[in-house]
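Data first, discussion second: the structure below is written as structure tokens.
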Amino acid sequence: MQSEIAIKVENLTKVYHLYDKPQDRFKEALHPFRKSYHHNFYAVNDISFEIKKGETVGIIGKNGAGKSTLLKMITGVLTPTSGNIQVNGKIASLLELGAGFNPEMTGIENIYLNGTLMGFSEQEMASKIEAILEFADIGEFIYQPVKVYSSGMFARLAFSVAINVEPDILIVDEALSVGDARFQSKCIRKMEELAKKGITILFVTHDMQSVNKFCKEVVWLQDGKISQMGEPAKIIENYVSFMTYGLETVREIPQENKQKTNQKTKELKLIDTHDLDSFGEKKAIITGAVFVDKNGNPTRLLKQGDYVSFICEFSTTIELHDVGIGVLFKDTLNNDILTFNSYMYDAPIAAVKKDSTTRVTIKFKVPKLFPREYVITVALSEGTQQNHIQQHWIHGVTTVNIISKDHIDGCLLSLYPDEIEYSYE
């Protein structure tokens, strides 16, 4: 194996036998002519790739795409059905809570147990124990059986062991999602520190901002196969668009196709809102909505500073006057974060005819909101900002991911360079 390669995977496949009924397994085992009662499920299907030493690689994909199965085969927890895996260096892994831990043993005892499983002697682990305890920061619970730990305490101890044994390769599978925000931030800083030291990091996550900020390369798995592999920005755009709308992002529009593109935009498929939670008079209703990028393609990935458009359509059974369209960004705890509507910017629709359909396009610059996922609410009303009739208010039309412009992510909202000026005397 070449010295600069940390992990090399060749034609890797993992097949599971699935049975419609439990008794079919026994029928197959005892059948005199070896009749098959199962069907094959390819959790991983003929995957090949290489990861260089010192690279940080993210693995993304929907649930069931094969991400965890792939990592378990790389770490040796699962045996491949076929194919080869070559690993150059010592691996520390955090695949799932409880893996490698004995619930009846104390935290201290489990630290030494994990060290033994990784090939370290008791003396070697003793030299690392202080750093592990300091990072885990679970106090006197370290002397209690881990079966009494909360999921957050479990994650703290497991991650602390994994990163403090000085591995050549660190593998993490979504295990940080159970920790609190402070601990997650602490873990990311530690992983960045390890990456600077040249340690190879491979991790599974559904957090697109972490992938965009932290990874040099991304592997997108779909139905057990590699759909795409490459630099984060492009792969994330394609992944988010595909998962939401079944479409991949088109980045360049040839000059000769601009007219065709404009025609295509008119036929843009909107998110159907009919079955979503809503309230209002409902004599006029929002029938569809979507965010699109500068090329007119559906997107759920909004980069700070880019211009995007929010498009929605509404139909009415009555004549409307002074119509307002509002968009509200909420965080995942349902806190209101950002809002804009046509009343705020003196741009209501003066009048809308009865039994008609109207398409509204709101072009805006993505603000420097904290990079994370936001839930989008949309409202249709008539009147004024202070006094209006709420015709249709839809909760959770879609979600969007804000990604950073410059990786300055310290607070909920920050300013662009042209919005602030310092002077000194």
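Kindly identify the stretch 1-147 as rounded, prolate or oblate by the Cα gyration tensor criterion: order the square roots of the eigenvalues as a ≥ b ≥ c, call it rounded if a/c is under 1.5, otherwise compare a/b with b/c, prolate if a/b is larger, else oblate. Oblate is the answer for the stretch 1-147, as a/c is 1.5 or above yet b/c matches or exceeds a/b. Compactness of the stretch 257-403 is given as radius of gyration and Dmax, 15.1, 45 Å, from Cα positions.
Quickly estimate the mean residue ellipticity at 222 nm for the chain, helices only: each DSSP H run with n ≥ 4 gives -39500 (n - 2.57), and the total goes over all residues, rounded to 500. Could you put the intermediate results ahead of the total?
Details: 9 runs with 104 residues, N = 425.
Using -39500 (n - 2.57) per qualifying helix, the result is -7500 deg cm²/dmol.
Packing, taken as the mean count of other beta carbons within 10 Å per residue, orders the peptides 348-358, 193-203 from highest to lowest as 193-203, 348-358. Listed from fewest to most Cβ neighbours within 10 Å, the set Thr116, Thr75 follows the order Thr116, Thr75.
Once the Cβ-Cβ distance between His274 and Ile5 is put in as r, and R0 is 45 Å, what FRET efficiency do you end up with, to the nearest 0.05? Mind showing how you got there, number by number?
Working: r = 52 Å, r/R0 = 1.15.
About 0.30, to the nearest 0.05.
Note on Asp24 and Asn102: their simple-model spin labels are 4.0 nm apart, each label 7 Å out from Cα toward Cβ. Only one item in (i) -0.61, -0.87, -0.99; (ii) -0.48, -0.75, -0.91; (iii) -0.39, -0.62, -0.75 matches log10 I(q)/I(0) by the Debye sum over Cα atoms at q = 0.08, 0.10, 0.11 Å⁻¹ derived from the coordinates shown, and that item is (i).
Kindly identify the stretch 5-244 as rounded, prolate or oblate by the Cα gyration tensor criterion: order the square roots of the eigenvalues as a ≥ b ≥ c, call it rounded if a/c is under 1.5, otherwise compare a/b with b/c, prolate if a/b is larger, else oblate.
Details: a/c = 1.85, a/b = 1.29, b/c = 1.44.
In terms of gyration-tensor shape, oblate.
Here's how it looks for Val172: its modeled amide H is under 5 Å from those of Leu94, Leu202, Phe203, Val204, which are all 5 or more places away or on a different chain. For the stretch 1-139, lysine pairs with C-alpha atoms less than 20 angstrom apart, excluding pairs fewer than eight positions apart on the same chain, total 18. Here Tyr42 and Asn387 are evaluated by their C-beta separation; at R0 = 51 Å the FRET efficiency comes out at 0.25. Quote the FRET efficiency, to the nearest 0.05, computed for Lys147 versus Phe364 with a Förster distance R0 of 56 Å and r equal to the Cβ-Cβ distance. Efficiency, rounded to the nearest 0.05: 0.65. For Asn45, the residues whose amide H sits under 5 Å from its own are Lys14, Lys225, ignoring neighbours fewer than 5 places away on the same chain, with H placed 1.01 Å from N. Cross-link partners for Lys269 among the aspartates and glutamates, with Cα-Cα distance under 13 Å and sequence neighbours closer than 8 places in the same chain left out: Glu313.
Any read-out appearing in this document is the output of simple, stated calculations on the displayed coordinates, not a laboratory observation. Predicted model, so just to flag it, every value in this text is computed and none were measured. Methodologically, a virtual Cβ is constructed for each residue, glycine included, from the backbone with ideal geometry; neighbour enumeration extends over all protein chains shown.
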